[in-house]
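Q: Take a look at this one; I'll ask things after.
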Amino acid sequence: MSDAINELRAEVPLPQEGFEVVYQRPHSLNDTQFTYCPGCQHGQVHLCIAEAIDELEIKDRMIGMAPVGCSVFAYWFFDFDFISCPHGRAPAVATGIKRADPEAIVLSYQGDGDLASIGAAEIVHAANRGEQITVVFINNAIYGMTGGQMAPTSLEGMVTSTSPRGRDVSIAGKPIHVVEMLSTLSGVAYAERTTAHDPKGLIKTKKAIKKAFEYQMEGLGFTIVEVLCGCAINTRRTPKDSAAWVGEEMNKVFQVGVFKDIKEEG
Amino acid sequence: MSQMTAEAMKDDLAWLPKGRQLMKGNHAVCAGAIRAGCTAYFGYPITPQNEAIEYMSGALLDVPNGIFLQGESEVASINMVMGAAAAGRRVMTSSSSPGISLKQEGISYIAMMELPMLVMNVVRCGPGLGNIAPHQGDYFQAVKGGGHGDYRLITLAPASVHEMAEHAHLGFELACKWRNPAMILTDGVIGQMMEPVDLDAIPVVDWKKPDWAMGVNRTGRKPNLVTSIWLDPEDMAQKHLEIIDKYERLKAAEVRFEEYMCDDAEVLCVAYGSVSRAVMGTVRKLREEGMKIGLLRPITLWPYPYATLRELAKKVKSVVTYEMSWGQMIEDVALATRLNPVPLHFVPRHGGLTFNPNDVETPLRAIYANPQNSDTLWEIS
């Protein structure tokens, strides 16, 4: 895939004289095309992360954790060291890496099934210990890779392949609010929820991720950015409707905003 | 004493375990590990190996760049080990049977990622919670895989406290040489017992981060990737072939065992770990009576000394396996002797009961007198 793009580039030389590059692919991404589905925001969030890393000039210090889920192959796209972690265990793996290599800037990229369900213990304890890592938590309210099963963040009444009559809170409880929960822990330096369904949300997402990395660089503690995303395929929506659903329905249940900022607290 | 004199006398290697010490096995393994360059430990309390995590919680704080962390669970701990191993550390964890079951997910990943690390299992009696008494019921789990998928653990079975320290070093050396996880499979007898340990005999290793490891200072190289996923079966098959080839080379190079009075033996005993100590004492005693009995003690349980056992079994009238289990290693004894059948006997202890001298001697006398002794005769069933 990368070779194909390079061939195309070779065929279409960039104009040299009188031009300057004002917008290009971030250095922290390689040339591989994203393989995510239409209407999925993983790619946009990857871009936010890569741009933040480029701006902070920390690419050579980065180590990424790939989770189990749709972003299991995140390392196909990022141009830095990566490890593919067992389901939900990324914060524990990240703990081992960061302690073994304190100069590293550690990114744990996880989805809602990975982080909020099977990995609930690992994320809570990593946060409580104040591990110097940055977690980007993609909340799309569904299990994507396995085909649309109910997630711990699925909305009340939401129809999924394992809640065909809608999420019944008397059976499955209500959707779990991760950043609110983690922000109560003293080890957490920064916790924000943003949304990736529109350009405004993506600008805020990139800003939040950059801030989280900065806090990690300063050694202030555990940082997490929860990003609301859509899964058009598994929610049986068009990409446009999926984005609108995130902006309307998900936003009602999951409030965006900063839930913990150690600097603001003084 | 002036300050300067005190400074001059300060030992820069004060953190290094050294000298001849009376130690518990669970302490010795940690002391040996630190001498072997281990700078990181992640674990979770469980009896009967708590002395290990307790030792590391203090000792590693004095080791340069040492890391100790009590994880929130065995599951988290093995994944922390995975991270530190991927970042190039010599890292270990320890646990006991129920905790080792929880670590199997991580061990499977670590095996496929080809990361070196050392895990100690101070086996207790199971299944389930069982009890905290010594047992050998985790043999299959250790040497046949344990977690999901087709992999092997380098498995060492120390039989003394000194050997616990030795095997910590050996385990790291083999794990790093072959980029494969290694396990010390022991029990509460060796873990809790105190014996003299000559720590100075354990090599000191100044471990350096290998090129394949992840981490900072990657200017001018391609990203390092540590993974266990190959989605395309063609790619996975290739990876499997590479790992199988590694295992075959490992099997040819690293088998370790101890032969005790086997040369003219008519009865060959096979036992590992703490059980081999009880059997060795009995063999020595019966030899004094002129009875021709020998002992083969596998030191590596994987790779297993099949070839040695096959040759030894050709010369004896019967083979007797002692195990604190329902019968696990004896299946490997049967595999080793399958081409030249010899009567196989099995003498177990159950429930966490250990071998008293009589538990070894009485059946051994009966087997010596009658190679077909029906009380102990074992067949695959």
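Q: DSSP H helices in chain A with Cα extent of 18 Å or more along the helix axis and mean Kyte-Doolittle hydropathy at least -0.5?
A: Helices passing the filter in chain A: A:42-56.
Q: Which Cα, out of A:Ile224, A:Asn139, A:Gly201, lies furthest along the positive dipole direction of the range A:125-243 (beta carbon charges, K/R +1, D/E -1)?
A: A:Gly201
Q: Could you compute the longest span of chain A free of GluC sites (Glu not before Pro) located in DSSP loops and having at most 11 other Cβ atoms within 10 Å, not counting the site residues?
A: A:104-263
Q: Which residue, B:Asp232, B:Asp150, B:Asp200, tops the fluctuation ranking in a GNM of chain B built on C-alpha contacts under 10 Å?
A: Result for chain B, Cα springs under 10 Å: B:Asp232 fluctuates most.
Q: Within chain B, what's the longest stretch lacking chymotrypsin sites (Phe, Trp or Tyr not before Pro) that sit in DSSP loops with no more than 13 other Cβ atoms inside 10 Å?
A: Formally, the longest exposed-site-free interval is B:1-211.
Q: So how tilted is helix B:233-253 from the main axis of chain B? Cα-based, degrees 0 to 90, rounded to 10.
A: Result, in degrees: 60.
Q: So for the pair B:Lys177, B:Arg310, with labels modelled 7 Å out along Cα→Cβ, what separation do we get in nm?
A: 2.2
Q: Helix B:50-62 versus the longest principal axis of chain B: what angle, 0 to 90°, nearest 10, using Cα atoms?
A: Result, in degrees: 30.
Q: Taking R0 as 30 Å, what FRET efficiency do you get between A:Thr146 and A:Asp31 from their Cβ-Cβ distance, rounded to the nearest 0.05?
A: So, using R0 = 30 Å, E works out to roughly 0.55.
Q: 5 Å is the cut-off here: which amide hydrogens, built 1.01 Å from N in the peptide plane, fall below it relative to B:Leu156, excluding neighbours closer than 5 in sequence?
A: B:Met183, B:Ile184, B:Leu185, B:Leu301
Q: Still on this structure, I have one more. Given chain A, what whole percent of its Cα pairs are spread farther than 30 Å?
A: Looking at chain A, the distances longer than 30 Å represent 26 percent of pairs.
Q: Then there is this: For chain A, what does the helix formula give at 222 nm: sum of -39500 (n - 2.57) over DSSP H segments with n ≥ 4, over the residue count, nearest 500 deg cm²/dmol?
A: -9000 deg cm²/dmol
Q: How far is the Cα center of the range B:162-220 from the Cα center of the range B:44-100, in Å?
A: 13
Q: Determine the sum of side-chain charges near B:Lys103: Lys and Arg each +1, Asp and Glu each -1, restricted to other residues whose C-beta is under 15 angstrom from that of B:Lys103.
A: Around B:Lys103, the charge tally is -3.
Q: Which residue, chosen from B:Val279, B:Pro210, B:Gly83, occupies the Cα position most advanced towards the positive end of the dipole of chain B, where the dipole is computed from +1 (Lys, Arg) and -1 (Asp, Glu) charges on Cβ about the Cα centre?
A: The residue sitting farthest along the positive end of the dipole is B:Pro210.
Q: Separate question: Whole-Hz Karplus ³J(HN,Hα) for the range B:307-324, in order, using 6.51 cos²θ - 1.76 cosθ + 1.60 and θ = phi - 60°, x for Gly and Pro?
A: Using θ = phi - 60°, the values come out as 5, 4, 5, 4, 5, 5, 5, 5, 9, 10, 8, 7, 10, 10, 9, 9, 8, 8 Hz.
Q: Now for a different question. Could you compute the FRET efficiency for B:Glu195 and B:Trp230, with r as their C-beta to C-beta distance and R0 at 45 Å, rounded to 0.05?
A: 0.45
Q: Around B:Ile380, what is the net charge, scoring Lys/Arg as +1 and Asp/Glu as -1 over all other residues with Cβ under 15 Å from its Cβ?
A: -2
Q: If r is the Cβ-Cβ distance from A:Asp54 to B:Glu289 and R0 is 60 Å, what FRET efficiency results, to the nearest 0.05?
A: Efficiency at R0 = 60 Å is approximately 0.15.
Q: Same structure, new question: Just how large is the dipole of the range B:12-201 about the Cα centre, in debye to the nearest 20, putting +1 at every Lys and Arg Cβ and -1 at every Asp and Glu Cβ?
A: Value, rounded to 20: 240 debye.
Q: Longest span of chain B, sites excluded, free of trypsin sites (Lys or Arg not before Pro) in DSSP loop with at most 12 other C-beta atoms within 10 Å?
A: Between exposed loop sites, the widest span is B:11-207.
Q: Once you have the Cα-Cα distance between A:Ser170 and A:Glu265, take 0.36 nm times their residue separation minus that, and quote the gain in nm to one decimal.
A: Between A:Ser170 and A:Glu265, full extension yields 30.4 nm more.
Q: Using the structure shown, select from B:Lys18/B:Lys144; A:Lys263/B:Lys103; A:Lys260/B:Lys208; B:Lys103/B:Lys246; B:Lys222/B:Lys251 the pairs with a Cα to Cα distance greater than 31 angstrom.
A: Pairs exceeding 31 Å: B:Lys18/B:Lys144; A:Lys263/B:Lys103; A:Lys260/B:Lys208; B:Lys222/B:Lys251.
Q: Among A:Gly43, A:Gly18, A:Gly201, which one shows the highest mean-square fluctuation when chain A is modelled as a Gaussian network with alpha-carbon springs under 10 Å?
A: Largest GNM mean-square fluctuation: A:Gly18.
Q: Charges only on Cβ, +1 for Lys and Arg, -1 for Asp and Glu: so what's the dipole of chain B about the Cα centre, in debye to the nearest 20?
A: It works out to roughly 360 debye.
Q: Continuing with this model, one more query. From the square roots a ≥ b ≥ c of the eigenvalues of the alpha-carbon gyration tensor of the range B:303-347, which class results: rounded (a/c under 1.5), prolate (a/b over b/c), or oblate?
A: oblate
Q: Let me ask something else about it. If you add up the charges near B:Met112, with Lys and Arg at +1 and Asp and Glu at -1, over every other residue whose beta carbon is less than 10 angstrom from its beta carbon, what do you get?
A: -1
Q: Now, a different point. Relative to the longest principal axis of the C-alpha atoms of chain B, give the angle of the C-alpha long axis of helix B:97-113, reported between 0 and 90° and rounded to the nearest 10°.
A: 70
Q: Need one word for the range B:250-381: rounded, prolate or oblate. Basis is the Cα gyration tensor (sqrt eigenvalues a ≥ b ≥ c); a/c below 1.5 gives rounded, then a/b vs b/c decides.
A: Judged from the Cα gyration tensor, the range B:250-381 comes out rounded (a/c under 1.5).
We did not get these values from a lab; they are worked out from the coordinates using the rules stated. Just so you know, these numbers come straight off a predicted model, no measurement behind them. Don't worry about glycine lacking a Cβ; one is built from the backbone with ideal geometry, like all the others, and counts go over all protein chains shown.
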